[in-house]
Amino acid sequence: MANGAFTTFGAGDIINSIDSTTGTLWSGNEPRLTEAYTSSVQNSSNSGQYYLHVYQTASTETTAAVQFDIAYGDEVGSGSLLYNSLVPGKSPSSFIFGNYSSSYFYAISLERARYKESLALGTMALSLSGSSGGAGAGAGVTLSLTDNSNISTGNVFGNAGRVYQVVSGSEGTVYTGLNANGYTPASGSYGLFLPDVGLILLNAAALDGDQPFGTDGGISLGTARNSNQNDANMSKLYGAISQSVFAGNTFRLNSQETLASDFYFVRAQNADFNYSSNPSFVSGSTGQLLWPQMQNNPQTFITSVGLYNDSNELCAIAKLSRPLAKDFTKELLVRVKLDY
């Protein structure tokens, strides 16, 4: 209110802004996942045949919360039991990873409560531990993966939003030892990164490279594709993640959120807001100022700013951090920010 009247905002008094903020992903506002556990109860249940919950602490702890799920998919339905013998054990689930069509893959689905709007680009550092030869053979090796958003020439969109390739690297930095683009020489990229739906698809063919690590980039998870048999492939990927995490190679990934903000610039010019409608200011019977010295030299203290609609209904109120003195010799500018 300006001396008993509302002050209307001008065209330059309201500014709209859109900012992108990055935050932590894991429980407890942790930027890194330093431990990884599954639940024996969930593993042995019906759901355990199709996906595994991964927790940041033992599942029996009161603070345990699902961080992500691991699933396995196969175009020909291999590597798992038939869901229904009356339904053919085939499902169209192949993907193009870079320049390579793979018919079997792993999926890491981030728990929806872990991220806000999307996964932050260039923040992923996923390490997998495995062997350098066939399953169980060769020395232990670690494969570091990230998304290629930092070198991508533009956004590629699919039915689930933006799509980037998973490549050799860490936190957006692409390793070019095997290929300039971080791909494997023979099996395309290591997967797909879908930030808008919190999903990481891993190219099982690239992980299981037929050639030794260092040539084809595979870590030999030992993915099995037997017909109508539970090959526990999800546990193999979990083992590669947990082994790496417990060895000190933390799983790093951030969330991202776009915030729309309105800035209202409330201007108290020198002639405004120097009197108050507070009853303590005037006499209730005569309407005269109670304090004569305030007549020519009034002083008030602004403590809050109210935002009203066109019907003079209070819609929002902003409290100042401290009272601000106001008289005819002072002008104030208060910036009010509304996020939504």
statement: Matching residues in the range 292-323 (more than 35 Å from the chain's Cα centre (by Cα) and closer than 11 Å to Ala268 by Cα) number 1
task: Please work out which one of (1) in contact with a helix residue (DSSP H, G or I) (Cβ under 7 Å, 6 or more places away or on another chain); (2) open to solvent by less than 50 Å² (accessible area, probe 1.4 Å); (3) not hydrophobic (A, V, I, L, M, F, W, C) is the condition Ser39 fails and give its number.
output: (1)
query: Does the range 19-35 include one or more residues that are under 16 Å from Ala232 (Cβ atoms) and surrounded by 12 or more Cβ atoms within 10 Å (Cβ to Cβ)?
result: no
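Is the range 165-176 home to any residue that is of a type in the set (A, V, I, L, M) and either more than 17 Å from Phe95 (Cβ to Cβ) or modelled with pLDDT under 85 (or both)?
Looking for residues that are of a type in the set (A, V, I, L, M) and either more than 17 Å from Phe95 (Cβ to Cβ) or modelled with pLDDT under 85 (or both), one finds at least one in the range 165-176, hence yes.
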task: Taking Thr303 as the residue in question, decide whether it is at negative phi, of a type in the set (Ser, Thr, Tyr) and not in a strand (DSSP E or B).
output: no
message: Being open to solvent by 50 Å² or more (accessible area, probe 1.4 Å) and modelled with pLDDT of 75 or more is the requirement here; does Leu333 meet it?
response: yes
task: Only residues in the range 34-47 that are under 14 Å from Ala65 (Cβ atoms) count as the first member; pair them with residues that are of a type in the set (A, V, I, L, M, F, W, C) and not in a helix (DSSP H, G or I), Cβ under 8 angstrom, at least 6 apart or cross-chain, and list the lot.
output: Ala36/Val54; Ala36/Phe251; Tyr37/Val54; Tyr37/Ala58; Tyr37/Ala64; Thr38/Leu52; Thr38/Val54; Gln42/Leu52
- prompt: Across the range 307-330, which residue is most open to solvent (accessible area, probe 1.4 Å) among those that are in contact (Cβ under 8 Å) with a residue 40 or more places away in the chain and assigned to a strand (DSSP E or B)?
  reply: Tyr308
field: Breaking point among (1) open to solvent by 10 Å² or more (accessible area, probe 1.4 Å); (2) under 17 Å from Leu237 (Cα atoms), for Gly158
entry: (2)
- request: Inspect the range 75-82 for any residue being closer than 21 Å to Val245 by Cβ, at pLDDT below 95 and among the small types (Gly, Ala, Ser) and give the result as yes or no.
  value: no
statement: Those residues of the range 248-280 which are hydrophobic (A, V, I, L, M, F, W, C) and either in contact with an Asp or Glu (Cβ under 7 Å, 6 or more places away or on another chain) or modelled with pLDDT under 70 (or both) amount to Leu259, Phe265, Ala268
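The values are calculated or read from the model by the stated rules, or taken from the named source; none is laboratory data. Keep in mind the model is a prediction, meaning the values are calculated, not measured. Here the Cβ is made from the backbone with ideal geometry for all residues, glycine too, and neighbour counts use every protein chain on show. The area values use the complete protein model at the heavy-atom level, side chains included, leaving out ligands, DNA and RNA. Shrake-Rupley method; radii C 1.70, N 1.55, O 1.52, S 1.80 Å.
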